[in-house]
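Data first, discussion second: the structure below is written as structure tokens.
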Amino acid sequence: MKLAKNLEGKIREVYERVRYMLATSGETVISQVSLRQFFSGNRDVDLLLSDVSYVDPFYGLHYRGLSLEQVLQQLPKPQGSVFPYAGGLYSLLLTGEMPGEEEALEVEDLWKDRAAIPQHVINVLKAMPAETHPMTMFSQAILALQTQSQFTRDYSNGLSKEDYWKITLEDSLDLTAKAPGLAATIYNIKYGDGTLREIDSHLDWSANFAHLIYKDWDQHYQDLCRLFFVLHADQGTGNVSAHTACLVNSALSDVYYSCSAAMNGLAGPLHGRANQDCLQWLLGIMENFDGSLPTMSQLEQYVWDTLERGKVIPGYGHAVLRCTDPRFAAQLEFGKQYMADDQLFNLVEMVYQVVPDILKKQGKAKGIWPNVDAISGTLQYHCGVKEFDFYTVLFGVGRMLGITVNLVWNRALALPLERPQSITLQMVQDRLHDTLNISGLRSDSYL
Ligand code: CMX
């Protein structure tokens, strides 16, 4: 595999760099945590390593140092499409080098050879109750695939530490190859008659998802899949899904265990489920106004009502971003081009005009701008994928691209078991410089 050979040289170089830094500066403090950060989910504490992607608060997601715009422009594309091969993105994320068509197609071909879904996984999915949430099915399907883990098999047979990354790469290619098929199997079982298809070897990985859910006739949907999976691939490793995967994998649990766990985190409403919730919220607005668009002032009132009911505005705000998410902007462009007259899309545009100001006035949210989930469901809905509880599975298919690349690199750099220390509240109090008299305080006396 050319990809593994290319990667090996890069890994050696980075590994040496890390060892050198550790040997010469091992005790240098590079990050600190305040009391506020300690009680705020460690926001903005530089605690995790990933060269794969970085989220700049004011410029958003970068893959291997490149903005999304550059990535979308420079990655190789299938003939007739302006949207890239996911295989090219995978190559870029793994190696840090912009691939040519040959490198992109190498990954696409590796995926085609490994795409078949074992029957026992299909049986597990078919055995689940009809009301099971698609994310539960997805996590379960990935776990059922764990029987195929080469890492777990070879580890038991004495795999040497230097080869961990190579076998993690094999597992990663195996799992990501099957990801669109797993999602489509869930879709066809849950919403269709359960009839499953083989992949179309003429189509790329992303477009194959369209094919597998019987939408291969729709060029726009194939393109939307290409865009969607690239946009959702990674977002640093501090987010819940990626961080969960890295944590689980640090115990040398294989890629399947790690990704299944990651999907359980992604299923939360503050994370990936926001795309489902957002679409539901938008449809609720349309229903409230008898299927028509509200006026701007009606919409403002609806947003305030949502906030006053103690709910969040799904798709808005972010733990890191302090600007419009470029993943939102890229999808907005797609919508303007292909569905400018769609009422739900027009509503997304209206919401974008009113929500940031309202969140600013409310004064609670630190991030007031739309994130990726504010629009992704609307594009799916327009293209006929109307089952909105399924949208987070699509997020998961994309997200496993970045997660698995991070796992390969974590094993390549021999990152150890992740094990921060927890301390008691008394210990926290003892470390404060001023000795505080806590006893007898009531919250309203200091907030
Ligand atoms: N609507 C209303 N209130 C919001 C809000 C929103 N969109 N975003 C943040 N807030 C509130 C928080 O609930 C919090 O309120 P409390 O102090 O009462 O608990 C306050 O503002 C401060 O929150 P924050 O520091 O700005 O935000 P966090 O870093 O804690 O959380 C996020 C970030 C994304 C969970 C939050 O903005 C949110 O809940 N957004 C809506 C859900 C969403 O879109 N999630 C998807 C994120 C992207 C992804 O991972 O897929």
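The values are calculated or read from the model by the stated rules, or taken from the named source; none is laboratory data. Keep in mind it's a predicted model, so treat the numbers as computed, not measured. Quick reminder, even Gly has a Cβ in these numbers, built from the backbone with ideal geometry, and neighbours come from all protein chains shown. The accessibility values were calculated without ligands, DNA or RNA, using every heavy atom of the protein model including side chains. Shrake-Rupley method; radii C 1.70, N 1.55, O 1.52, S 1.80 Å.
Please go through segment 371-384 and pick out each residue that is assigned to a helix (DSSP H, G or I), more than 10 Å from the ligand (Cβ to nearest atom) and surrounded by 24 or more Cβ atoms within 10 Å (Cβ to Cβ). Let's see the steps before the verdict.
So the first thing to find is which residues in segment 371-384 are assigned to a helix (DSSP H, G or I), and the list is 372-374, 376-382.
From what is left, the residues that are more than 10 Å from the ligand (Cβ to nearest atom) are 377-382.
Of everything in segment 371-384, those that are assigned to a helix (DSSP H, G or I), more than 10 Å from the ligand (Cβ to nearest atom) and surrounded by 24 or more Cβ atoms within 10 Å (Cβ to Cβ) turn out to be Gly377, Thr378, Leu379.
Please list, ordered by residue number, the helices (runs of 4 or more DSSP H) wholly in segment 119-235 having 1 or more residues that are under 28 Å from Leu72 (Cβ atoms) and touching a Cys at 6+ places or on another chain (Cβ under 9 Å). First the steps, then the outcome.
On the way: elements: 119-127, 134-144, 150-156, 164-191, 205-212, 219-231.
Answer list for segment 119-235: 134-144, 164-191, 205-212, 219-231.
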request  = Report yes if some residue within segment 38-45 is open to solvent by 30 Å² or more (accessible area, probe 1.4 Å) and farther than 24 Å from Ala267 by Cα; otherwise report no.
outcome  = yes
ask   = Could we say that Phe83 is in a loop (DSSP other than H, G, I, E, B), in contact (Cβ under 8 Å) with a residue 60 or more places away in the chain and within 28 Å of Asp174 (Cα to Cα) here?
value = yes
ask   = Which numbered condition trips up Thr424, out of (1) exposed (fewer than 15 other Cβ atoms within 10 Å of the Cβ); (2) modelled with pLDDT under 95?
value = (2)
message = Filter segment 310-328 down to the residues that are touching a helix residue (DSSP H, G or I) at 6+ places or on another chain (Cβ under 9 Å) and surrounded by fewer than 20 Cβ atoms within 10 Å (Cβ to Cβ) and list them by number.
response = Lys311, Val312, Thr324
message = I'd like to know if segment 361-370 contains one or more residues that are surrounded by 19 or more Cβ atoms within 10 Å (Cβ to Cβ) and in a helix (DSSP H, G or I).
response = no
ask   = Can you tell me which residues in segment 296-350 are within 10 Å of the ligand (Cβ to nearest atom), touching a strand residue (DSSP E or B) at 6+ places or on another chain (Cβ under 8 Å), part of a loop (DSSP other than H, G, I, E, B) and closer than 15 Å to Ile375 by Cα?
value = Gly315, Asp325
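Which one of these is aromatic (Phe, Trp, Tyr), out of contact with any Leu (no Cβ under 7 Å at 6 or more places or on another chain) and closer than 30 Å to Arg12 by Cβ: Tyr187, Tyr221, Tyr164?
Values: Tyr187 fails: closer than 30 Å to Arg12 by Cβ; Tyr221 fails: closer than 30 Å to Arg12 by Cβ.
Step by step, each of Tyr187, Tyr221, Tyr164 is checked, and only Tyr164 is aromatic (Phe, Trp, Tyr), out of contact with any Leu (no Cβ under 7 Å at 6 or more places or on another chain) and closer than 30 Å to Arg12 by Cβ.
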query = Within the bounds of segment 236-255, is there any residue that is open to solvent by 10 Å² or more (accessible area, probe 1.4 Å), over 22 Å from Val45 (Cβ atoms), within 13 Å of the ligand (Cβ to nearest atom) and out of contact with any Lys or Arg (no Cβ under 9 Å at 6 or more places or on another chain)?
reply = no
remark   = Per the list (1) in a helix (DSSP H, G or I); (2) within 16 Å of the ligand (Cβ to nearest atom); (3) open to solvent by 10 Å² or more (accessible area, probe 1.4 Å), residue check on Met286 breaks on (2)
request  = Among what's in segment 194-233 and is open to solvent by less than 10 Å² (accessible area, probe 1.4 Å) and hydroxyl-bearing (Ser, Thr, Tyr), pick the residue that is farthest from Ala104 (Cα to Cα).
outcome  = Tyr221
